[in-house]
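Visitor: Please see the structure below; I have some questions.
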Amino acid sequence: MTPGAPLAITGVGAVSPVGVGRSALEAGLGHEAPPEARPRPPSGVPQPGCVVAFVPEFDAESHADPRTLRKVSALSRLATVAAAECLAGWDAPPARRTATGVFLGTALGSSGDHLAALELLARGGTSAMSALLFAESVFNAAASHVAKVHALRGANWTTVGGEATGLDAVVAAVRQLRQGAVDAALAGGADHYEPRVHASLAAQHIAGADGCGAIGEGAALFLLEPLDRARREGRPVLARLLGIGQARRGRRPVGPEPAVEAMALALADADSDALAVDLVVTGGGATPAGALEDAALGQAAGVANGHARVTPLERWTGAGLAGTAALRLAVAVHALAVGRYPPPSPGTPAPPGRPRRALVLVATATGAACAVLVGTED
Amino acid sequence: MAPTHLPPDSPPAPRRDLGVAITGLGLVTCLGTSAPLTWAALLAGETGLAPSPAGRFADVAFARCGLASGPATEDNRARARALLATACDEALAAHGTARGAERWGLSLGTSLAAQASSAPFWTQYLADPATADYALLASYDAELWLDALAERFDVRGPACAVSSACAAGASAIAQATQWLITGAADRVLACGADPVDRYTLAGFHALGALAKGPLEPLSAARDGMALSDGFSCLVLERERDARAAGRPILARLAGAGESSDAFHRTQPDPTGAGAALAMRRALASANLAPDAIDFVSLHATATVANDAAEVAAMRTVFGDHLDRLALHAAKPALGHSLGAAGGVEAALCVLALLHQVRPPTVRSHGTDPAFGPLVVDDHATPATIRHAMSNAFGFGGCNASLVLSRSDA
């Protein structure tokens, strides 16, 4: 790939609390929010005060090759299903796959397998440890599994941290593409809810206290490749990836400055006027992170003056984890691809018109912020 | 640690590589709590691996491991944070505390990502799950680790943790390089961090990957690896900025290449194809031919599978040059620090370039004849090293290769 060439998003795969698949995600937004769901932890696990937006039970084997779903963690299953949809119809030759990287963001990793292995260790000692659980518990197991399934031999990164990692991974992929380090990239975020981790974070007052909004699990993956090549090969250009921005503030208290800066960087990266943005997708909701996003938007031209439509996704998909951050980008890309705004809130009709330029924003209460600007092909 | 060989006022030669300079370095390992201490012990042929302290890792005490001197605490996360901060403080010593208008980034490579065994929690949980204090379940707070480091070092650019298993430390350096080249940051703390933990000891033991005695990399007697603490910090910046500011350049990061085996969740591709791909990509980004490399820091975990695949990859990339290429395996001295290994061993390459000395590989047995002739020093060897390569290969087939060059090369 020519370093610095324009980029396109030519594939999207999504597994969310409102359904499996990109189309299900849009359809889900057209309804009232899913019923509030409380975690159903194993006996004895404290139940934090906030709700959890679970991915509904679904037959994964009807969405991906069953052989690719055996003996892998719940996180790997989510990522594998999302990847299957994302790469459907991608008939890339071996040389292209060899130069394709995988970049996956996750906050919790394969926490279920990790805790199961720890419990084996605690109960039975070293001799009881499971080699399979241990191997699946490492943070990069899901990304490596997806690479193996699709023979993708470029760089393989797992970005770990908070919610922003779901977009950080996309940003990392963009940089690698722009540098020519990879020829194409499968990037996004995934997280599988684990009640004991939630209880732990709540006990440490990190997350999950009352009034924390909804925590959501899910996955969204995107295929990024050079725009010119996609057009030459007749690949569907769902959106163009125009700009990226990241910022962090370690100082306390955390204000909206990182989010404001991330948005400004993304717009500058795209050489775009803020007033050209007509759709913004955030987490929103009554959380500290949502408040930071709202405050940042209040300072952003185009949004502050009511020009851009804002869709806060938390009411449908929850927030707080890497998968939900990536789902924001999926909503934005799908809106651009189908030429329809998403509704601004559950039960509210989508506004008329066609979005052309969407900004996706994630801000965290720990001072991280990431913004991605996408636009229609024209 | 001023460079000893750089001619005064030498203008940089025209080059077409990544153009990134390393202007700070910090290390905390089982050999020492600083880069000079680690380097001196390494050159002296010492090893930091020893039987686990009594009671430290419960029933995994049979495993040899390498522990760094540090705060005595049962909270392995707090210990890891403190030791990484020590490495960062050392790396920043030449940079001072004033940040000015520059955007600093933080790129952290780790496999555990602040997970820990949380023994106190499980003791309570097994006694009575209903009363266990979930605040003791130490997990999934990598974001807090980044947050604490960002606050301490006033990071305002990107701050991300990459977890590509045992390649993570090298991937973090590659990530930092991309930030610099694309302008996302002006200077970056590229760190590697992983503490020894009962969980990883038990996990690798379940996989049959731990050695029964001293490590014997590249030998027919090799039977596995030993885990260790590892904390590294390199300060990276654009070379032109460092030269303009007159900051001493310890070494140059000339190239970086990565790949995935796409083969198996734990075992490397025995042909070494993925590893070879990463090395070739690193050489290409450095605009160097294989025979320009004078020294290679191997991944060399001393497992049967890794060393065989790695040598196969080396043969593919270097051909006959491998018969003359000086190789180093750090893990008999320093242990395997998992996600930190790529960062720690890249730092050792910087020191080798700075001091123009090839460190020894500590081992009792010679090279497996099946590998052909390999140059492995058993004592510290002064040498002309212009370009070095540092390799790191991880679970799931994550491969990362770095090319580092002498500051005037």
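Visitor: What residue among A:Asp168, A:Asp183, A:Asp271 shows peak mean-square fluctuation when chain A is described by a Gaussian network model with Cα springs under 10 Å?
Guide: Ranking A:Asp168, A:Asp183, A:Asp271 by mean-square fluctuation puts A:Asp271 first.
Visitor: If you average the C-alpha positions of segment B:104-148 and of segment A:130-204 separately, how far apart do those two centres end up, in angstrom?
Guide: Using only Cα atoms to place each centre, the spacing works out to 19 Å.
Visitor: Starting from the Cα gyration tensor of segment A:5-162, take the square roots of the eigenvalues, sort them a ≥ b ≥ c, and report rounded, prolate or oblate (rounded when a/c is under 1.5, otherwise prolate if a/b is larger than b/c, else oblate).
Guide: It is oblate, given that a/c is not under 1.5 and a/b is not larger than b/c.
Visitor: How many angstrom lie between the C-alpha centres of segment B:178-225 and segment A:335-350?
Guide: After rounding, the separation between the Cα centres reads 47 Å.
Visitor: Moving to a separate point now. Of the residues B:Pro359, B:Pro129, B:Pro373, which exhibits the maximal mean-square fluctuation in a Gaussian network model of chain B defined by a 10 Å Cα contact cut-off?
Guide: It is B:Pro129.
Visitor: Do you know the relative contact order of chain A, to the nearest whole percent, from alpha carbon pairs under 8 angstrom that are 6+ apart?
Guide: In percent, rounded to a whole number, it is 24.
Visitor: Related question: Given the C-alpha centroids of segment B:270-331 and segment B:391-409, what is the distance between them in whole angstrom?
Guide: Comparing the Cα centres of segment B:270-331 and segment B:391-409, I get a distance of 10 Å.
Visitor: Follow-up question, since we're still on this one. Whole-Hz ³J(HN,Hα) for each residue in segment B:329-337, computed from phi via Karplus 6.51 cos²θ - 1.76 cosθ + 1.60 with θ = phi - 60°, x for glycine and proline: what do you get?
Guide: Karplus-based 3J(HN,Hα) across segment B:329-337 equals 10, 7, 5, x, 8, 9, x, 9, 9 Hz.
Visitor: Sticking with this one: If you take every DSSP beta bridge whose two residues both sit in the protein assembly as shown, what share of them, in percent to the nearest 5, is antiparallel?
Guide: Numbers: 78 of 122 bridges.
Counting DSSP beta bridges with both partners in the protein assembly as shown, the antiparallel share is about 65 percent.
Visitor: Taking all pairs of distinct Cα atoms, average 1/r, flip it, and tell me the Kirkwood hydrodynamic radius of segment B:218-348 in Å to one decimal place. Spell out each step's value before the answer.
Guide: Working: mean 1/r = 0.0619 Å⁻¹.
16.2 Å is the Kirkwood radius here.
Visitor: Would you please classify the overall shape of chain A from the alpha carbon gyration tensor, given that a ≥ b ≥ c denote the square roots of the eigenvalues, rounded means a/c under 1.5, and beyond that prolate means a/b larger than b/c while oblate covers the rest?
Guide: Oblate, since a/c reaches 1.5 and b/c is not below a/b.
Visitor: Among rounded, prolate and oblate, which fits segment B:302-409 when a ≥ b ≥ c are the square roots of the eigenvalues of its C-alpha gyration tensor, a/c under 1.5 means rounded, and a/b larger than b/c means prolate?
Guide: Cα axes put segment B:302-409 in the rounded bin.
Visitor: Suppose the chain between B:Ala44 and B:Arg16 were pulled fully straight at 0.36 nm per residue; how much longer would it get relative to their current alpha carbon spacing? Please list the in-between numbers first.
Guide: Numbers: separation 28, 0.36 × 28 = 10.08 nm, distance 3.68 nm.
Roughly 6.4 nm would be gained on extension.
Visitor: Right, here's the next one. Tell me, what ³J(HN,Hα) does each residue in segment A:321-326 have, in order and in whole Hz, if you take phi through Karplus 6.51 cos²θ - 1.76 cosθ + 1.60 with θ = phi - 60° and put x for Gly and Pro?
Guide: Each residue of segment A:321-326 in turn: 10, 4, x, 5, 5, 5 Hz.
Visitor: While we're looking at this one, here's another question. Only Cα pairs under 8 Å and at least 6 apart count here; give the relative contact order of segment A:269-339 as a rounded whole percent.
Guide: Reported as a whole number, the value is 36 percent.
Visitor: While we're looking at this one, here's another question. Rounded to the nearest 0.05, what FRET efficiency do B:Ala135 and A:Asp378 have when you use their Cβ-Cβ distance and R0 = 60 Å? Could the numbers behind the result be given before it?
Guide: Values: r = 53 Å, r/R0 = 0.88.
So, using R0 = 60 Å, E works out to roughly 0.70.
Visitor: So, one more: Once you average over the residues of B:276-289, how many Cβ atoms of partner chains fall within 10 Å of each Cβ? The partial results should precede the final answer.
Guide: Working: counts 0, 4, 2, 0, 0, 5, 0, 0, 1, 3, 0, 0, 0, 0.
Other-chain Cβ atoms within 10 Å of each residue's Cβ, averaged: 1.
Visitor: What spacing in nm lies between the two simple spin-label points modelled at B:Asp154 and B:Gln356, each 7 Å away from Cα in the Cβ direction?
Guide: Output for this residue pair reads 3.8 nm.
Visitor: Once amide H atoms are placed 1.01 Å from N in the peptide plane, what residues at a sequence separation of 5 or more from B:Arg358, or on another chain, have their amide H within under 5 Å of its amide H?
Guide: B:Thr381, B:Ala383
Visitor: I've got another one for you. Using only alpha carbon pairs under 8 Å that are at least six residues apart, calculate the relative contact order of chain B and give it in whole percent.
Guide: 24 percent
Visitor: Along the positive direction of the dipole of the protein assembly as shown (beta-carbon charges: Lys, Arg +1; Asp, Glu -1; about the Cα centre), which of A:Gly375, B:Cys233, A:Leu132 reaches farthest?
Guide: Value computed over the given set: A:Gly375.
Visitor: Same structure again: About its Cα centre, what dipole magnitude does chain B give when the only charges are +1 on Lys and Arg Cβ and -1 on Asp and Glu Cβ, stated in debye to the nearest 20?
Guide: About 640 debye.
Visitor: Okay, moving on. Among B:Ser164, A:Ala8, A:Gly218, whose Cα lies farthest out toward the positive end of the dipole of the protein assembly as shown, if unit charges sit on the beta carbon of Lys, Arg (+1) and Asp, Glu (-1)?
Guide: A:Ala8
Visitor: Apply the Karplus parameterisation 6.51 cos²θ - 1.76 cosθ + 1.60, with θ equal to phi minus 60°, to every residue of segment A:138-154 and state each ³J(HN,Hα) to the nearest whole Hz, in sequence, with x for glycine and proline.
Guide: The phi angles translate into 5, 4, 8, 4, 5, 5, 5, 5, 4, 4, 5, 4, 9, 6, 9, 10, x Hz.
Visitor: Another question, if that's okay. Once the Cβ-Cβ distance between A:Thr348 and B:His321 is put in as r, and R0 is 60 Å, what FRET efficiency do you end up with, to the nearest 0.05?
Guide: Details: r = 67 Å, r/R0 = 1.12.
Between A:Thr348 and B:His321 the formula returns 0.35.
Visitor: What number, rounded to the nearest 500 deg cm²/dmol, is the helix-based mean residue ellipticity at 222 nm of chain B, given -39500 (n - 2.57) per DSSP H run of at least four residues and division by all its residues?
Guide: -9500 deg cm²/dmol
Visitor: I need the calculated FRET efficiency for the pair A:Ser62 and B:Asp128, taking r as the beta carbon distance and R₀ as 41 Å, to the nearest 0.05. Mind dumping the intermediate values first?
Guide: Numbers: r = 42 Å, r/R0 = 1.02.
Step by step, r from the Cβ atoms, then E = 0.45.
Visitor: Amide H of A:Asp183 versus every other amide H placed in the peptide plane: which residues, excluding those fewer than 5 positions away on the same chain, fall under 5 Å?
Guide: A:Thr100, A:Gly101
Visitor: Right, here's the next one. What aspartates and glutamates sit close enough to A:Lys71 to cross-link, taking a C-alpha to C-alpha distance under 17 Å and skipping anything fewer than 8 places away on the same chain?
Guide: Correct list for A:Lys71: A:Asp59, A:Glu61, A:Asp113, A:Glu136.
Visitor: Check cross-link reach from B:Lys331 to the lysines: straight Cα distance under 20 Å, and skip same-chain residues fewer than eight apart.
Guide: B:Lys212
Visitor: Place a point 7 Å from Cα of B:Ser69 in the direction of its Cβ. Which residues in segment B:222-249 have their backbone N less than 17 Å from it?
Guide: Of the residues in segment B:222-249, B:229-231 have backbone N under 17 Å from the label point off B:Ser69.
Visitor: Return A:Met263, A:Met129 ranked ascending by Cβ neighbour count within 10 Å, so the fewest neighbours appear first. Display every interim value, and only then the final one.
Guide: On the way: A:Met263 34, A:Met129 23.
The fewest-first ordering by Cβ neighbours comes to A:Met129, A:Met263.
Visitor: If neighbour count is taken as other Cβ atoms inside 10 Å, put B:Thr131, A:Thr317, B:Thr266, B:Thr271 in order from fewest to most.
Guide: On the way: B:Thr131 9, A:Thr317 30, B:Thr266 22, B:Thr271 15.
With the fewest neighbours first, B:Thr131, A:Thr317, B:Thr266, B:Thr271 line up as B:Thr131, B:Thr271, B:Thr266, A:Thr317.
None of the figures in this text is laboratory data; all of them are computed from the coordinates on show. Keep in mind that this is a model prediction, so the values were computed, not measured. Positions of Cβ are generated from backbone atoms using ideal geometry, with glycine treated the same way; all protein chains shown enter the neighbour counts.
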